[in-house]
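In what follows, a single structure is set out as structure tokens and then discussed.
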Amino acid sequence: MTPVVAPFPLIRLRRTRRTPALRALTRQNTLTVDDLIWPVFVMEGQDEAHAVPSMPGVERLTIDRLVDAARSAADLGIPAICIFPYIDPALKTDQCEEAWNTDNLSNRAIRAIKDAVPDIAVMTDVALDPYNAHGHDGIVRNGEIVNDETVDALVKMALEQARAGADILGPSDMMDGRIGAMRSACEADGHKDVAILSYAAKYASAFYGPFRDAVGASGALTGDKKTYQMDPGNSDEALRLIHRDLMEGADMVMVKPGLPYLDICRLTKDQFGVPTYAYQVSGEFAMVKAAAANGWIDGDAVMFESLMAFKRAGCDGILTYFAMDVARALDA
């Protein structure tokens, strides 16, 4: 569509920017609390919160405190939270067996939240890195992250999360074929209504560092994740991956990281017209927080501007550590 613009001075484009009321009437994209998914970190213990130094304001919470946090989020209208576990290093193994333990930390957290705050949607992380002695999203054999054996493990993990009451499974591993395998397993196990939000275009990014601190995977990681996460130089491949995951049964798709990959968000929404999400990852969050702490930027203004960029790029929602701050500001 070619915009029709009359010559000056018949049209003065500044007219509709003149007042807050006129700007509101002509605003194309709007950020609301319905756009937010809040990533949260859970740890063992009772009535404790541990700060994540590289993510100012973010804490690991014990399950009881996480339930309280979920209740606060629901009271503010946040529709979903996404759980990431901080696992005891003693439980990290080569086979990652703790990932599909019915009573592991994540599954207990899911049950506790759904019992106490049933209306908030609980999203999970389906990947082996929190449970892996090598820090990888897949099982490692002779230095190789093996695909098919990892998919088998991920299916067992996903089923236990579905049985615990998860509303949305979030496969973030980037193994080939995992969406179809999870969808088939969920259908066969009676979990036909559990949604899959696939991390379909997840890049091998340098923006993940603080997150790995938060889940305790930094020290364990050997090598890098470039053999299974996407090359930052590629965009056509992202569309192939998204198409594949949709054909295998994904209900929603995600681009990760967020701001450096807004072009992928826009391409995804334009080409497929499906529910499209982005993850404003830990490195993006930490940079805003650090710059604001130094007085270099207005942190709140940049927070809102960065989130609006996702809406403008076609995203239906954003996973963001700013979720509670945004929700409080919108509620004020």
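Every number in this text was worked out from the coordinates using simple rules, so none of it is lab data. Since we're looking at a predicted model, the values are computed, not measured. When we count neighbours, we look across all protein chains shown, and the Cβ atoms used for this are built from the backbone with ideal geometry, even at glycine.
Determine, from the Cβ-Cβ distance of residue 30 and residue 227 and an R0 of 51 Å, the FRET efficiency 1/(1 + (r/R0)^6), rounded to the nearest 0.05.
On the way: r = 40 Å, r/R0 = 0.79.
So, using R0 = 51 Å, E works out to roughly 0.80.
If Lys and Arg each add +1 and Asp and Glu each add -1, what is the summed charge of the other residues whose beta carbon sits under 15 Å from the beta carbon of residue 210? Write down the numbers at each step before the final one.
Numbers: positive: 60, 212, 256, 289; negative: 59, 129, 213, 284.
With Lys, Arg at +1 and Asp, Glu at -1, the neighbours total 0.
How about the range 131-221: which GluC sites (Glu not before Pro) there lie in a loop by DSSP and see at most 10 other Cβ atoms within 10 Å?
Qualifying residues, ordered by number: none.
Can you pick out the pairs among 225/256; 156/226; 114/256; 225/311; 192/225 whose Cα atoms lie more than 21 Å from each other?
Violating the 21 Å limit, Cα to Cα: 156/226; 114/256; 225/311; 192/225.
Can you sort 145, 297, 318, 11 so the residue with the fewest Cβ neighbours within 10 Å comes first?
The most exposed by this proxy come first: 11, 297, 145, 318.
Just to be sure I understand the model, the point goes 7 Å from the Cα along the line to the Cβ. What's the resulting residue 115 to residue 15 distance in nm?
My value for the distance between the label points is 6.2 nm.
What does the charge dipole of the chain about its Cα centre add up to, to the nearest 20 debye, if the Cβ of each Lys and Arg holds +1 and the Cβ of each Asp and Glu holds -1?
Charge dipole of the chain: 1820 debye, to the nearest 20.
Please work out the Kirkwood hydrodynamic radius for the chain, using every pair of different C-alpha atoms, and report it in angstroms with one decimal place. Mind dumping the intermediate values first?
Details: mean 1/r = 0.0484 Å⁻¹.
For the chain, the Kirkwood estimate is 20.6 Å.
Taking H placed 1.01 Å from N in the peptide plane, check which residues at least 5 places from residue 203 or on another chain put their amide H under 5 Å from its amide H.
Placed amide hydrogens put 230, 256 under 5 Å from residue 203.
So what is the 222 nm mean residue ellipticity for the chain from helices alone, if each DSSP H run of at least 4 adds -39500 (n - 2.57) and you divide by all residues, rounding to the nearest 500 deg cm²/dmol?
Rounded to the nearest 500, the figure is -11500 deg cm²/dmol.
Report the calculated FRET efficiency for residue 331 and residue 243 (r = Cβ-Cβ distance, R0 = 30 Å), to the nearest 0.05.
My answer for the efficiency is 0.20.
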